[in-house]
Amino acid sequence: MNALTRAVLSFWDSSIGKKILVAVTGVALLLFLPGHLIGNLLLFAGKDAINEYALWLHELGHGGAVWIARIGLLAVLVVHIWLTIQLTVRNRAVSQKYSRPATTKASRSSRMMIWSGLTILAFIVYHISHFTVRIGNDYNGSAYLTSLPGHDGSVHNVHQMIIDGFSHVGNTLFYIIAITLLCSHLSHGFSSVFQTLGLRSRKSDTLIMRAGWAYALLIWVGFLSIPVAVLFFGYGRT
């Protein structure tokens, strides 16, 4: 084993290394969500807008780029959750040895982060299987083909798929719960990233906390606007 390998393994095994990796993977997820949200909000721009966007994504890199991104993001999320679990187990061992109210409170907070993270992971797997792989539905059928101005042949009607998907109460409620947990996670994780990377101080603490809440609120309102509009206000169903 050479020196570089030993250094990498030592960094991975250390609590500081794990915290930094949790922060870095967290930043990747924080950067991904706004872009994904903007794409989803094209639903409100009409059928052609979101269908054209979906077609562009699936043709990017001859169809390979979007899957590379999906697999990469899923790997980032798994690493993020796995390292968070490892850190919580270590912190729990320390808090039991040196039991204090503050450490107990932090331990409870970390446990909640783990459970919310695992729920979010389960939701993402379901979300991909439902809307991307399209398991257990007929979204790959001819009923979900449509035309697109300036494009020869038929394209997948993502607009109709989303409308039909969120017309089911069970799907929509699961989505609302998962997004709410995600945004609760984000409001805490946003400030934690700055703290781990040494970018948080007493002067900036309040600003960072408020920025985290604002970011989480915008993500929450943005993502939930779609299922709420479809299920409760009948958007696209008439």
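The values are calculated or read from the model by the stated rules, or taken from the named source; none is laboratory data. What you see is a predicted model, and the numbers here were worked out from it, not measured in a lab. Note that we place each Cβ from the backbone using ideal geometry, even for glycine, and neighbour counts take in every protein chain shown.
Out of all the residues in the range 184-216, which are of a type in the set (S, T, N, Q) and within 23 Å of I120 (Cβ to Cβ)? Spell out the reasoning first.
Just the residues of the range 184-216 that are of a type in the set (S, T, N, Q), to begin with: 184, 187, 191-192, 195-196, 201, 204, 206.
S184, S187, S191, S192, Q195, T196 - these are the residues of the range 184-216 that are of a type in the set (S, T, N, Q) and within 23 Å of I120 (Cβ to Cβ).
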*Complete set of residues in the range 152-184 that are surrounded by fewer than 17 Cβ atoms within 10 Å (Cβ to Cβ) and either touching a Ser or Thr at 6+ places or on another chain (Cβ under 9 Å) or closer than 14 Å to K47 by Cα (or both)*: G153, S154, I177, S184
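Could you identify the single residue in I208, I128, I135, I176 that is in a loop (DSSP other than H, G, I, E, B) and β-branched (V, I, T)?
Numbers: I208 fails: in a loop (DSSP other than H, G, I, E, B); I128 fails: in a loop (DSSP other than H, G, I, E, B); I176 fails: in a loop (DSSP other than H, G, I, E, B).
The conditions single out I135.
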*Among the residues of the range 205-217, is any of a type outside the set (D, E), surrounded by fewer than 16 Cβ atoms within 10 Å (Cβ to Cβ) and within 30 Å of V158 (Cα to Cα)?*
yes
_Criterion first (part of a strand (DSSP E or B) and surrounded by 15 or more Cβ atoms within 10 Å (Cβ to Cβ)) does T119 satisfy it?_
no
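For T196, are the conditions met, namely being in contact (Cβ under 8 Å) with a residue 12 or more places away in the chain and within 23 Å of F44 (Cβ to Cβ)? Walk me through how you get there before you give the answer.
On the way: in contact (Cβ under 8 Å) with a residue 12 or more places away in the chain: yes; within 23 Å of F44 (Cβ to Cβ): no.
No; evaluated as a whole, the condition is false for this residue.
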*Among S147, S154, S187, which is hydroxyl-bearing (S, T, Y) and either within 30 Å of K19 (Cβ to Cβ) or in contact with a helix residue (DSSP H, G or I) (Cβ under 6 Å, 6 or more places away or on another chain) (or both)?*
S187
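Output the helices (runs of 4 or more DSSP H) that fall wholly within the range 1-66 and possess 1 or more residues being touching a helix residue (DSSP H, G or I) at 6+ places or on another chain (Cβ under 7 Å) and surrounded by 15 or more Cβ atoms within 10 Å (Cβ to Cβ), or say none.
15-41, 47-59
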*Would you be able to tell me the number of residues in the range 136-179 that are under 22 Å from G234 (Cα atoms), of a type in the set (S, T, Y), without any contact (Cβ under 8 Å) to a residue 60 or more places away in the chain and out of contact with any Leu (no Cβ under 7 Å at 6 or more places or on another chain)?*
3
*In the list V79, V125, which residue meets the criterion of being among the hydrophobic types (A, V, I, L, M, F, W, C), exposed (fewer than 15 other Cβ atoms within 10 Å of the Cβ), under 16 Å from the mean Cα position of the chain (by Cα) and at pLDDT 85 or above?*
V125
*Got a sec? Which of F44, F32 is among the hydrophobic types (A, V, I, L, M, F, W, C) and under 15 Å from V158 (Cβ atoms)?*
F44
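Given the residues L42, L60, L55, which is the only one that is modelled with pLDDT of 90 or more, farther than 26 Å from H185 by Cα and either in contact with a strand residue (DSSP E or B) (Cβ under 9 Å, 6 or more places away or on another chain) or not polar (S, T, N, Q) (or both)?
Working: L42 fails: farther than 26 Å from H185 by Cα; L60 fails: modelled with pLDDT of 90 or more.
L55 is the lone residue from the list that is modelled with pLDDT of 90 or more, farther than 26 Å from H185 by Cα and either in contact with a strand residue (DSSP E or B) (Cβ under 9 Å, 6 or more places away or on another chain) or not polar (S, T, N, Q) (or both).
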*For M113, which of the numbered conditions (1) surrounded by 15 or more Cβ atoms within 10 Å (Cβ to Cβ); (2) within 20 Å of S14 (Cα to Cα); (3) at pLDDT below 75 fails to hold?*
(2)
